[in-house]
Amino acid sequence: MNYDDALDRAYDTLPEQPGEGGDRLSVPDPEGQTDGAFTRLTNLDDIADALSREPQHLHSAIQRELGTNGQFDGGEARYNGSFDTSDFQSAIDSYIAEFVTCSECGLPDTVLKTEDGVDMLRCQACGAFRPVEKSVNTGGQQQKPTLEEGKTYEVKITGTGREGDGVAEKGKYTIFVSGAREGQVVEAYIDNISGTLAFGRVAQ
């Protein structure tokens, strides 16, 4: 056997290197389903499995990104408010960037472990490790609200209430905006919040 044949044979026996074989991360598209005042993510378990992460951890991160609360039961998650698949996709992309992708080599070949009370992301491809910057609360505590009284938010008016006020949705909240009309994008000043209902007016 000559040198070239021996070299080719040696390369054939080597394991596949990180980055070979195309995209190493294949994540299902989020599947959303409106259920009254809630929105379901029906394939969260499949997404978590593709990312090699715990479904509850992913669910809690999505809650934080959406600024709402929800429930996780088996392979399906439910979130308070009206969201579309692009909202879920954005939240999942943020999760992948923070809790899956190695910041050194850019590969998803990582494991998430808690070391000395700190969540650490360790890359099995290049050996790099770093603490994750965003904390994820899996204990079911109250998340920061999407709306706060006395603040102004840009919203799109998608309907009209019985009193003629414009109606908008933001996270888990339905906002009634005095002086706004369907189809407008306005700056809404929030006067009062009651449960998941908010009442405001067009900011001057």
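The values are calculated or read from the model by the stated rules, or taken from the named source; none is laboratory data. Being a predicted model, the structure only gives us computed values, none of them experimental. Positions of Cβ are generated from backbone atoms using ideal geometry, with glycine treated the same way; all protein chains shown enter the neighbour counts.
Descriptive notes on the structure:
- Residue within segment 141-152 that is at pLDDT 90 or above, within 23 Å of D84 (Cβ to Cβ) and not hydroxyl-bearing (S, T, Y) present: no
- Any hit, segment 111-124, residues being more than 14 Å from the chain's Cα centre (by Cα), acidic (D, E) and modelled with pLDDT of 90 or more: no
- Residues (surrounded by 15 or more Cβ atoms within 10 Å (Cβ to Cβ) and of a type in the set (A, V, I, L, M, F, W, C)) located in segment 84-100: F88, A91, I92, I96, F99, V100
- Every residue from segment 41-72 that is in contact with an Asp or Glu (Cβ under 6 Å, 6 or more places away or on another chain) and either outside any helix (DSSP H, G or I) or surrounded by 21 or more Cβ atoms within 10 Å (Cβ to Cβ) (or both): T42, N43
- Restricting segment 174-188 to residues that are within 23 Å of A37 (Cβ to Cβ) and in contact with a Phe, Trp or Tyr (Cβ under 9 Å, 6 or more places away or on another chain) leaves a set whose member that is surrounded by the fewest Cβ atoms within 10 Å (Cβ to Cβ) is S178.
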